[in-house]
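Remarks on the structure that follows.
The values are calculated or read from the model by the stated rules, or taken from the named source; none is laboratory data. Keep in mind that what you see is a predicted model, and the values were worked out from it rather than measured. Glycine gets a Cβ as well: all are built from the backbone with ideal geometry, and neighbour counts include every protein chain shown. Quick note on the areas: whole protein, heavy atoms, side chains included, nothing else; ligands and nucleic acids left out. Shrake-Rupley method; radii C 1.70, N 1.55, O 1.52, S 1.80 Å.
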Amino acid sequence: MAIEFKLPELGENIETAQIVKVVVSEGDVIKEDDIILEIETDKATVEVPSDISGKVSKVHVKDGDTAKVGQVILTLEAVDAKEEKPEPKEEKKQEVKKEEPKKEETNVERKEAPKKKETLSGGTYEFKLPELGENIESADVTSVLVKAGDQINEDDPVLEIETDKATVEVPIDKSGKVREVKIKEGQKAKVGETVIVIELTEDVSEEESQHEKKEEVVEEKKEEKVESEKKVESELQSIPQISDETYTARQFKKELPDKIAPASPSVRRFSREIGIDIHQVSGSGPGGRISFEDVKSFAKNLNEKISKGKGTIGVSAEPLPDFSKWGEVKREEMSNIRKKTAEHLSYAWSVIPHVTQFDKADITELEKLRKHYSKEVDAAGGKLTVTAILVKIIAEALQKFPQFNCSIDMEKKEIIYKNYFNIGIAVDTDRGLLVPVIKNADKKNVTEISIELGEIAAKARDKKLSLEEMQGGNFSISNLGGIGGTYFTPIVNSPEVAILGVSRGNYEPVYKDGEFVPRLMLPLSLSYDHRIIDGADAIRFLRWVVESLENPFRMLL
Ligand code: CAO
């Protein structure tokens with residue numbers, strides 16, 4: 001009887017795929033899960049395994065064709081189990097191996113291996129529910145994945161369980177034939193309770209197969225390496241698509257079970273979880289078997305290549321057009337300050353989930369005070385400006401709202417609260433933006449801050465700032481009001497968690513006591529890191545700043 005294999009669903013909105021390689025030929029006998037095609041969609045390159053078994057009587061597509069989802073790819077004739085002799089199978093395997101070296105040790109084949117040996121040690125092994133984590137004593141069995149008579153290998157998942165923390169698959173730690181399953185779906189199993197009894201299989205297969213495959217592996221390794229490097233290169237060419245590719249591959253595997261990579265289920269799962277396509281990983285174990293370490297080192301290398309090659313966070317620079325086509329152009333190397341600013345701000349923008357909160361402060365009264373005390377501050381050698389006053393107000397606010405005076409350590413999942421109050425001031429220079437820091441602003445009065453602000457701004461413009469003077473900031477202020485503007489959205493100066501943008505103070509009609517009166521209003525923009533600061537905290541902080549500008553006496557309370 002003829003059976004048709006059609007191109008399966010490939011994911012949402014994917015209707016066609018390009019056939020990169022047809023791996024089988026007419027006359028081949030294929031089994032369920034054997035790879036038959038390598039295809040490329042606009043999102044990923046993936047292998048297509050068969051979901052049926054039989055002898056290929058007709059291949060309807062060729063390399064380079066475009067096939068539609070649902071299109072007939074192969075016609076197969078059902079074969080008698082006996083007809084599936086080892087000889088042709090071996091031939092086919094070798095052919096396939098030339099194209100796809102890692103296919104040689106599929107799960108299907110691994111499951112067959114012990115059958116060949118059939119060497120039972122005679123011993124039985126009681127598999128007990130392993131430790132599941134601190135304070136977890138039992139788990140609900142949501143699924144039993146094996147039954148009596150099944151041949152299973154070390155690392156095969158045998159149960160799916162649910163604790164109060166997670167749902168996980170439990171892999172077995174020995175190979176053998178299931179004699180008895182002592183637990184049912186829906187039951188509770190205690191840690192240490194015997195859940196499955198197996199008849200142990202002597203693990204001679206590993207050694208033998210290693211010997212058999214040794215020569216093949218050496219040759220295949222070379223091909224595999226070249227293939228894998230090519231894939232990494234192509235991945236680097238299309239970094240923005242990495243997430244798409246991973247997503248599609250995952251979607252795809254939901255429909256077509258992942259039984260291709262020569263790796264244990266736990267390694268495959270780990271690889272999936274960290275977004276690595278296991279087919280790109282070269283295994284260092286016997287027969288190219290992929291270990292946890294192989295996946296980790298692949299991911300590490302990929303990350304290094306990405307950051308070296310691109311200098312940006314996970315986003316490649318788009319190729320530039322030839323601008324000279326449209327007119328005269330001049331290329332100029334970036335200054336060091338510009339390079340650093342570009343890298344630092346790209347990093348902050350990519351990593352920090354930014355939100356900007358706006359508000360306005362009525363600084364009419366403050367302006368009167370500023371003018372009144374200006375001469376005094378002038379005499380002391382400073383200039384009493386709204387920036388200097390804001391430094392003092394922010395130093396006070398940081399003490400009242402400690403989550404604005406911290407940094408986040410995402411690696412350790414910790415928040416670092418600082419018990420000092422250093423404020424960075426963005427200074428506009430002809431070489432670009434510099435952010436010197438006023439240290440311990442909480443311990444200085446407004447006159448001292450005004451003097452220091454004048455000094456560091458002058459040093460910044462005269463290229464006299466030391467590195468030390470630009471380090472250690474907890475919060476930044478960027479005042480563009482001297483130049484103009486209404487509102488803007490400043491970028492948080494990572495690893496700080498918030499920044500105050502100040503725009504130009506202007507007289508506006510404000511409705512007060514039943515009439516419109518002219519008031520000097522200062523627009524403020526507070527950008528913050530939403531990982532650590534919530535919207536409600538942000539507006540409370542900004543309101544406190546606004547009220548302190550409107551009534552400086554408030555700071556003394
Ligand atoms: N609204 C209205 N007027 C303002 C103002 C505001 N928000 N901020 C400052 N001014 C006024 C000052 O009162 C001063 O006026 P007078 O000379 O009449 O007194 C004038 O503008 C210039 O002020 P200043 O710049 O000398 O002093 P400052 O302390 O307010 O600012 C500094 C110091 C270093 C912040 C500022 O010179 C500067 O470089 N600003 C640019 C910051 C920047 O580039 N940010 C962008 C970072 S992101 O790209």
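Quick notes
- Residue match in the stretch 315-336 (condition: more than 14 Å from the ligand (Cβ to nearest atom), in contact (Cβ under 8 Å) with a residue 12 or more places away in the chain, assigned by TED's automatic domain parsing to the domain that holds Trp544 and of a type in the set (A, V, I, L, M, F, W, C)): no
- Yes/no for Lys463 being within 42 Å of the chain's Cα centre (by Cα), away from the ligand (no atom under 14 Å from the Cβ) and without any contact (Cβ under 8 Å) to a residue 40 or more places away in the chain: yes
- Odd one out for Thr447, checked against (1) touching a strand residue (DSSP E or B) at 6+ places or on another chain (Cβ under 8 Å); (2) away from the ligand (no atom under 13 Å from the Cβ): (1)
- One residue stands out among those in the stretch 410-430 that are of a type outside the set (Ser, Thr, Tyr) and at pLDDT below 95: the one that is most open to solvent (accessible area, probe 1.4 Å), which is Glu411.
- Residue list for the stretch 466-481, restricted to those being more than 8 Å from the ligand (Cβ to nearest atom) and not small (Gly, Ala, Ser): Leu467, Glu468, Glu469, Met470, Gln471, Asn474, Phe475
- Residue among Glu185, Glu131 that alone is in a loop (DSSP other than H, G, I, E, B), open to solvent by 70 Å² or more (accessible area, probe 1.4 Å), modelled with pLDDT of 65 or more and touching a Gly at 6+ places or on another chain (Cβ under 9 Å): Glu131
- Verdict on Ser350 being within 30 Å of Lys464 (Cα to Cα), surrounded by 10 or more Cβ atoms within 10 Å (Cβ to Cβ) and of a type in the set (S, T, N, Q): no
- Checked against (1) open to solvent by 40 Å² or more (accessible area, probe 1.4 Å); (2) away from the ligand (no atom under 13 Å from the Cβ), Tyr487 passes all but condition (2).
- Residues of the stretch 431-444 classified as over 19 Å from Tyr420 (Cα atoms), open to solvent by 40 Å² or more (accessible area, probe 1.4 Å) and either among the small types (Gly, Ala, Ser) or more than 11 Å from the ligand (Cβ to nearest atom) (or both), total: 1
- Among the candidates Arg504, Arg531, Arg519, residue that is charged (D, E, K, R), part of a loop (DSSP other than H, G, I, E, B), more than 32 Å from the chain's Cα centre (by Cα) and modelled with pLDDT of 95 or more: Arg504
- Looking only at the stretch 450-460, and only at residues there that are modelled with pLDDT of 95 or more and among the hydrophobic types (A, V, I, L, M, F, W, C), the one that is farthest from the ligand (Cβ to nearest atom): Ile451
- Residue count, the stretch 365-421 (criterion: in contact (Cβ under 8 Å) with a residue 24 or more places away in the chain, in a helix (DSSP H, G or I), hydrophobic (A, V, I, L, M, F, W, C) and within 16 Å of the ligand (Cβ to nearest atom)): 11
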